[in-house]
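The values are calculated or read from the model by the stated rules, or taken from the named source; none is laboratory data. What you see is a predicted model; the values in this text were computed from it and never measured. All Cβ positions, glycine included, derive from the backbone under ideal geometry; neighbour counts span all protein chains shown.
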């Protein structure tokens with residue numbers, strides 16, 4: 001009985017249940033964040049800022065591949081959670097099985113296509129003659145391992161909705177430790193450069209995949225692989241419900257691509273390197289926020305299926321406090337120790353890159369005050385099966401507004417207009433979030449849905 005209050009999403013006390021699911025997820029996300037940042041530290045210090053820039057150049061490819069996987073994974077997870085809340089176990093098993101098969105197939109198709117047309121992809125990414133060989137070198141190895149990242153991510157979503165957040169976190173932490181160890185071995189000790197960094201990341205993805213896959217063959221798994229329900233049209237509903245996550249990833253791909261073009265055009269390789277460092281700092285905060293948001297989704301979707309709006313409100317309140325604390329903490333660090341944060345990714349003698357990075361930080365820090373709420377409420381809208389406002393929020397903050405502002409603001413404010421565009425985009429999106437939530441409070445959406 002004591003354990004139930006920590007585990008049962010429908011009956012347990014709200015605070016213990018939320019943190020039982022959120023803390024392992026956040027720790028797992030922190031592990032992802034730290035391993036990604038460690039990648040940047042090793043590459044920036046042992047290979048150089050051109051190599052660091054080349055990693056950011058290929059981010060749109062991974063955003064596209066991850067976007068497809070996350071779209072089906074999140075859409076499938078919240079649909080599965082709703083079925084669990086309604087005590088429809090067979091339907092939950094079918095959604096899990098078909099989602100996993102769909103993500104696996106699409107990932108393979110996209111990864112193989114990328115390998116076959118790699119030179120065209122490198123050209124499309126806008127790499128100049130200095131960066132193109134580095135981009136191709138890193139991208140080719142990453143594509144060889146790409147199957148394991150979206151599929152392991154899919155498995156982690158369903159492990160959490162299956163009531164095993166600790167295992168999901170353990171898989172991610174294990175992968176992060178593998179990545180950090182092999183980064184040190186391949187890049188720092190053996191001097192393998194970008195090839196070593198890519199290989200370390202690939203081995204980390206395989207580690208996570210194997211740990212998560214084992215769960216579904218164990219007795220602890222309530223979800224079982226089953227195709228008794230052959231209605232594959234449900235995958236259309238799954239994709240529709242997860243489209244905001246795809247919009248997030250695809251938008252990030254486009255924005256990174258455009259910002260890379262802008263930065264390399266105005267500042268050269270140093271500009272892309274500075275944007276890469278700023279991207280790592282954004283990533284560190286966002287990944288923690290996503291930890292809370294991803295933990296919130298299965299809880300909200302299950303209580304939504306069980307028609308319990310008061311519990312949903314309680315979970316939303318806790319999540320809001322958490323993301324506010326994360327954003328405020330990073331703002332304090334950016335204001336107090338910006339040079340130390342930027343210096344993590346640079347060796348001595350990179351003054352031009354450091355100067356641009358500090359300019360970026362000085363005008364981008366306000367974004368962290370409200371972007372956590374944008375991510376969290378986008379996840380909430382998806383969890384209550386309202387994909388259109390979720391997609392609207394995602395597209396506003398990660399595509400439409402950044403591109404619009406990076407085009408308009410430099411006309412009036414010069415280079416500062418580029419640096420401030422993220423902050424303005426996040427604030428305008430936050431106003432949209434407040435409006436949508438006023439129309440979609442838990443009591444109202446549950447009453448209208450059932």
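A few comments on the model shown:
- Taken over the stretch 397-422, the criterion of being within 29 Å of residue 300 (Cα to Cα) and modelled with pLDDT of 90 or more is satisfied by 401 alone.
- Which listed residue, of 197, 239, is under 18 Å from residue 63 (Cα atoms) and touching a residue at least 60 places away in the same chain (Cβ under 8 Å): 239
- Residue check for residue 77: part of a helix (DSSP H, G or I), touching a helix residue (DSSP H, G or I) at 6+ places or on another chain (Cβ under 9 Å) and modelled with pLDDT of 85 or more: yes
- Residue 105 meets each of the listed conditions (1) in a helix (DSSP H, G or I); (2) surrounded by fewer than 18 Cβ atoms within 10 Å (Cβ to Cβ); (3) touching a residue at least 40 places away in the same chain (Cβ under 8 Å) apart from (3).
- Tallying residues that are touching a residue at least 12 places away in the same chain (Cβ under 8 Å), loosely packed, with under 15 Cβ neighbours inside 10 Å and under 18 Å from residue 40 (Cα atoms) within the stretch 335-344 yields 1.
- Candidates 47, 17, filtered to the one that is more than 19 Å from residue 159 (Cβ to Cβ) and at pLDDT 80 or above: 47
- Any hit, the stretch 200-209, residues being closer than 20 Å to residue 89 by Cβ, in a helix (DSSP H, G or I) and modelled with pLDDT of 90 or more: no
- Subset of the stretch 171-194 (residues that are more than 19 Å from the chain's Cα centre (by Cα), part of a helix (DSSP H, G or I) and without any contact (Cβ under 8 Å) to a residue 40 or more places away in the chain): 178, 181, 182, 185, 186, 189
- In this entry, residue 434 is excluded by the filter for residues that are closer than 24 Å to residue 250 by Cβ, without any contact (Cβ under 8 Å) to a residue 12 or more places away in the chain, out of contact with any helix residue (DSSP H, G or I) (no Cβ under 6 Å at 6 or more places or on another chain) and part of a helix (DSSP H, G or I).
- Residue within the stretch 51-69 that is modelled with pLDDT under 85, under 25 Å from residue 242 (Cα atoms), within 21 Å of the chain's Cα centre (by Cα) and not in a helix (DSSP H, G or I) present: yes
- The stretch 345-386: number of residues that are surrounded by fewer than 16 Cβ atoms within 10 Å (Cβ to Cβ), in contact with a helix residue (DSSP H, G or I) (Cβ under 9 Å, 6 or more places away or on another chain) and not in a helix (DSSP H, G or I): 1
- Any chance residue 218 is at pLDDT 85 or above, part of a helix (DSSP H, G or I) and farther than 27 Å from residue 126 by Cα: no
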